[in-house]
Each structure stands twice: as structure tokens, then as C-alpha cells.
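Below: the structure, in C-alpha cells.
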Amino acid sequence: MKNKIFLAGNWKMNKNITGSLCFIDEFHEMTEQEDFFGKNREKIKVVLFPQIVNMYALNQRIRDLEIPVLLGVQNIHWERSGAFTGENSSCSVRDAGAELALVGHSERRHLFGETNEMTSKKYTACFECGLRPILCVGETEEEKSRGMTEKILSSQVRSIFDPDGPTEAKEEIIIAYEPVWAIGTGKSATSDDAAGSCDFIREILGEIVGEMRSIAATILYGGSVNSSNALSFIEKDGINGLLVGGASLDPLEFMGIARACTCNVT
Ligand code: PGA
């Protein structure tokens, strides 16, 4: 049994404004029908990561419906403002309604060449305007087959926490373990392997920020999570929630995952 479960839905480059609003209307209707948040408000925290262009409209609808769903962005730039064509700063996305930001998602690292150094700057920039970062880490298939998983996870986590960085960066830490080979492939990690890597991440964190903060950290699993396998991850002690991609696009499927998340919570 554990405390609040964190459920994040990463919509990636999917859904326009109409599609985003339809999703939240349908999800809201389902939650109302079974009084889901009435019964589980203290057990689960739900966050959606739409495309930024949909953020403002979606935020308005969430307020109108009074549904306890937070919004986040999939990426930010590390500068506050300036000549960075095509980028979004943490302060402007905060203004549009985002409360969280994914940093270092594997698609940013592998499709757009983001390094640990860039990820670290983005992580720190989140705190300038009160965004909460979710640091994404994970090994590729090749790294896994060469037995390098722990080495990769360790360097990805260690590169983020600058000893001279803001204190907030070392508090209320959220990290998503997402093996690259499991993302969008339908081939999730086994729950034992996922839990093993999440425990390892917590151990590394303990060395960097101290045991108290590492115990309090929220560690998520992501990679081909769906309504059928969600519970197997949530049942593991060291896994505090899920980061869901493909299966978060369908309100029915996402609702199934949300139900699974509340099964094992005190
Ligand atoms: P997936 O994506 O659930 O479609 O594997 C997860 C993610 O990219 O966060």
C-alpha cells in the first residue's frame, strides 16, 4: 500500500483543440458517473501533457468542469525569453496553465539530440516560474543488451542535480523511468525489471540529495503502459505512478488505467 499515485498522460504531437476538449469532456463524464474523484481525490494525481497550442483552451475547460486534472508541457527552453525561434519558456507555459514539464523525454533526447547538459538546464529553468519538472530517464535497447542500464540511469540522474542549483531542484523530485525500447512499442518492461530500475534510481538519488529526499521522491514507470498491465506496476512498492503515452489518448483506456492506479492506495 502506498500514498498518492501519480498518473501522467503524454499526448505527444496528437490531438487538436477540438480533440483535446472532447477527451476531457468524455473523461469528465466517466469520472462523474462513478464519482471517481469523489472517492479517490486523495489517492491519485492526474496530469495531462497536451501540445502547447491546446493548453490554454484545455485549461479553461478543466476549470469550467472543475475536474482535478493538472496540465503540463512536453518540453521547454531553458532561457526565460529571447531570440529562440520556435521555443517556449517555462514562464510563458506556466502562464498558459501548465504546472509541470517533462524534461529529457527519450524522444527529445533521441530524435532532437538533447544532451544531459541541455536536460539539466531545462530542469533548473522550470523552477524560475514555479513549474515542476518530471525528469525522464531510460536506457536504449542496445545499452540494455550491453548490460549498461545502471550506468546510463546513473549518469542521466547525476547530470541533473547541480550542487549549486536551486534548493527546490532537490526537493519534491519526480523522475520517470522509461526504457527507450519500451516506448511506443507495445513491449513494456516486466514489472520486476521496472521496479528494480526504479529502486536503483532511488538509490542513486539518495547518494545525491540524501535519503530523506530520495524516499520522498516520486518515481514513475513509463513505456507501453495500458489498462491491462497498469496494476502490475502500481503494485510494486518503489513505483509511485505511471507515465502513459499511446494509451492516454483514449479516454476509456485512460480511465481504466486511473482505476488501476487507485486499487492499491491507502
Ligand atoms: P507509450 O509512451 O506509453 O506510448 O509507450 C510513453 C511515453 O513516451 O511517455
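The values are calculated or read from the model by the stated rules, or taken from the named source; none is laboratory data. Here the structure is a predicted model, which means the values were calculated and not measured. Neighbour counts are summed over all protein chains in view; Cβ atoms, including those assigned to glycine, are modelled from backbone coordinates with ideal geometry. These accessible areas exclude ligands, DNA and RNA; they are computed on the full protein's heavy atoms, side chains included. Shrake-Rupley method; radii C 1.70, N 1.55, O 1.52, S 1.80 Å.
Some observations on this one:
- The spread of Cα positions in region 168-232, taken along each principal axis and listed from longest to shortest, comes to 35, 21, 20 Å.
- Helical mean residue ellipticity (222 nm; -39500 (n - 2.57) per DSSP H run of 4+; nearest 500) of the chain: -12000 deg cm²/dmol
- With bins 5 Å wide beginning at 0, the percent of Cα pairs of region 140-190 falling in each bin runs 4, 17, 22, 20, 14, 11, 9, 2, 0.
- In terms of Cα atoms, the Rg and Dmax of region 140-266 work out to 14.9, 45 Å.
- Summed over the residues of the chain and divided among them, the accessible surface reaches 45 Å² per residue at a probe radius of 1.4 Å.
- For the chain, size of Cβ-based charge dipole, Lys and Arg +1, Asp and Glu -1, in debye: 100 debye
- Count Lys and Arg as plus one, Asp and Glu as minus one, and take only other residues whose Cβ is under 13 Å from that of Glu139; the net charge is then -2.
- Within the full protein context, the accessible area of Lys187 is estimated at about 100 Å² for a probe radius of 1.4 Å.
- Semi-axis lengths, largest first, of the ellipsoid equivalent to region 41-175 are 27, 18, 15 Å, with √(5λ) applied to each eigenvalue of the Cα gyration tensor.
- Separation of alpha-carbon centers, region 1-62 and region 150-199, rounded to whole Å: 24 Å
- No disulfide-compatible partner, judged by a Cβ distance under 4.7 Å, exists for the following cysteines of the chain: Cys22, Cys126, Cys136, Cys198, Cys261, Cys263.
- Computed P(r) (all Cα pairs; the chain; 10 Å bins; percent): 7, 32, 38, 20, 3, 0
- Accessible carbon and sulfur surface of region 9-76 relative to its total accessible area, %, 1.4 Å: 47 percent
- Environment charge at Glu172 (Cβ cut-off 15 Å; Lys +1, Arg +1, Asp -1, Glu -1): +3
- Using a Gaussian network model of the chain in which every pair of alpha carbons under 10 angstrom is joined by a spring, one finds that among Ile174, Ile183, Ile215 the greatest mean-square fluctuation is at Ile215.
- Among the listed pairs Lys43/Lys236; Lys4/Lys39; Lys12/Lys236; Lys45/Lys151, a Cα-Cα separation exceeding 19 Å is found for Lys12/Lys236; Lys45/Lys151.
- Shape category assigned to region 1-83 from the gyration tensor of Cα positions, a/c cut at 1.5: oblate
- Projecting the Cα atoms of Ser145, Gly130, Gly246 onto the charge dipole of region 126-266 (Cβ charges, centred on the Cα centre) puts Gly246 farthest toward the positive pole.
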